[in-house]
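The values are calculated or read from the model by the stated rules, or taken from the named source; none is laboratory data. None of the values given here were measured: they were computed from a predicted structure. We place every Cβ from the backbone using ideal geometry, glycine too, and count neighbours over all the protein chains shown.
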Amino acid sequence: MSDIDALVLAATTAVNQGRWDEAERCWKQVLARDPRHPQALYSIGVHAFRRGQLGEALQALQAAHASAPGDPEVLHSISVVLRQQGNSADEFKAIEASLAADPYFLPGMLAKADHLERHGQPKAAVAVYRNALKVAPPRSHWPAALRPQLLHGSELVERLGAELAAFLAARTGNRLGALTPVEAQRWREAGAILGGQSQPYPSVCSQLHVPRLPAVPFFDRSAFDWVEALEARTRVITAELTAVLADGEGEFMPYIAYHPGTPVNQWQELNHSPRWSSYFLWRHGQPVTAHLEQCPETAKALAAVDMADIGGLCPNAMFSVLAPHTRIPPHHGETNARVIVHLPLVVPEHCLYRVGFEQRRWNVGEVLVFDDSIEHEARNDSDEVRVVLIFDLWNPLLSAGERDMVTALSAAMREFHAQP
């Protein structure tokens, strides 16, 4: 190890232990041997800044920049000194130079946003803060030194986004009356995305994805001729649910049940938990005969609808029980070739369902049909259980020929994986 390397190591160790005077002495010894050593010049500048000697700090940092012109951290430190000196114009030039050296330099992005905000340009600042938040690591891993700025930027982005969304709504709200309810919701979502209050929610499938199929969060009930007949059976279906619950909950199994060693991701809290449990009538394309026999009226109701038939995957049908104060985290389904039906049976207050941008409340006996390949989540914030009858349908946007393609592709996949 050379003399300079030994001194650099000693200085760094001293700084880490809070022995600033000793560190500065080491850096000066480095400069005595190499007057253009960029790390030593930078560190001498930082020490001078800590003492409030702004002129000396600026001189050392500018020398460090001359020795290492591509280092954005040096340029950022120069901007900090210039700000303390009240030299706003040169401060901004130094910030821009740091970003020219590295456009993804997070401290530089935050410094630029802060400068714009301080100089009466909050909307321009929000654009920079938004980009900084995209570059930053997840919130739980934000660097401590940058956390206050990132929190402030996040709050400003949210506040200005809400103002923009309200402004857009005020300018366009009178036109919504000329649209159908489905069209109006689409344009409310467009405004929320423009205002940063939402994001596009695409179809994401863990298994079969049908390309170019529109991602429709909730389907219009009028598209399905069986809805009224199913809703008319709500009382008898609920009676059968009550009976199987009264027989004991042993047949209600945790809906999330990963094998040991399988990554559970967002499902850790609910894995093998009775807080979200199901009583299956159909499962992965196979009837659960004993359960269908216990619920003959529910079985008749299911037989009257066009349940999706995708071998190994659909149909599924179940009573789904969500315990009090339980949240099903945001997730995506297996395929957009099918859509999901909810017939709410037991719904206390303070329950909410979201698919993409749209939030709905379950109402007993009122069917919801949605595409579960779009991010969705559920909440039961009440003190009672929530129970919904859930089953699969073919996506109504698929033709008969496309349904046949789905079946053929799924069968070919199973055949391929069954081969040794």
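Observations on the structure shown:
- Conditions (1) of a type in the set (Ser, Thr, Tyr); (2) touching a Gly at 6+ places or on another chain (Cβ under 9 Å); (3) more than 28 Å from residue 192 (Cα to Cα): number failed by residue 399: (2)
- Counted residues, the stretch 312-335 - those being closer than 23 Å to residue 402 by Cα and surrounded by fewer than 15 Cβ atoms within 10 Å (Cβ to Cβ): 1
- Test result for residue 3, farther than 29 Å from residue 86 by Cβ, touching a Lys or Arg at 6+ places or on another chain (Cβ under 7 Å) and not basic (Lys, Arg): yes
- Any pair with Cβ under 7 angstrom, 6 or more apart, that starts in the stretch 308-325 at a residue that is farther than 25 Å from residue 398 by Cβ and ends at one that is part of a loop (DSSP other than H, G, I, E, B) and hydrophobic (A, V, I, L, M, F, W, C): 321/252; 321/385; 322/385; 323/385; 324/385
- Restricting the stretch 1-42 to residues that are of a type in the set (S, T, N, Q) and assigned to a loop (DSSP other than H, G, I, E, B), the residue that is farthest from residue 64 (Cα to Cα): 17
- Filtering the stretch 6-24 to residues that are farther than 30 Å from residue 86 by Cβ and surrounded by 16 or more Cβ atoms within 10 Å (Cβ to Cβ) leaves 7, 8, 10, 11, 14.
- Taking the criterion of being part of a strand (DSSP E or B) and either touching a Leu at 6+ places or on another chain (Cβ under 6 Å) or over 16 Å from residue 254 (Cβ atoms) (or both), the only residue of the stretch 322-335 that qualifies is 330.
- Selection within the stretch 385-413 - assigned to a loop (DSSP other than H, G, I, E, B) and loosely packed, with under 15 Cβ neighbours inside 10 Å: 396, 399
- Note on the stretch 216-231: among residues that are of a type in the set (A, V, I, L, M) and farther than 16 Å from residue 388 by Cβ, the one that is surrounded by the most Cβ atoms within 10 Å (Cβ to Cβ) is 216.
- Just one of the listed residues (347, 355, 385) is touching a Leu at 6+ places or on another chain (Cβ under 8 Å) and either under 21 Å from residue 254 (Cβ atoms) or in contact (Cβ under 8 Å) with a residue 12 or more places away in the chain (or both), namely 385.
- Within the set 242, 234, 262, the sole residue that is surrounded by 15 or more Cβ atoms within 10 Å (Cβ to Cβ) and of a type in the set (Val, Ile, Thr) turns out to be 234.
- Residues located in the stretch 255-276, provided they are more than 25 Å from the chain's Cα centre (by Cα) and either closer than 21 Å to residue 378 by Cα or not assigned by TED's automatic domain parsing to the domain that holds residue 365 (or both): 274
- Candidate set from the stretch 47-65 (those that are without any contact (Cβ under 8 Å) to a residue 24 or more places away in the chain and part of a helix (DSSP H, G or I)); member that is surrounded by the most Cβ atoms within 10 Å (Cβ to Cβ): 61
- Checked against the criteria, residue 150 does not count as in contact with an Asp or Glu (Cβ under 8 Å, 6 or more places away or on another chain) and surrounded by 15 or more Cβ atoms within 10 Å (Cβ to Cβ).
- Residue in the stretch 173-182 that is surrounded by fewer than 16 Cβ atoms within 10 Å (Cβ to Cβ), under 27 Å from residue 107 (Cα atoms), of a type in the set (A, V, I, L, M, F, W, C) and not assigned by TED's automatic domain parsing to the domain that holds residue 358 present: no
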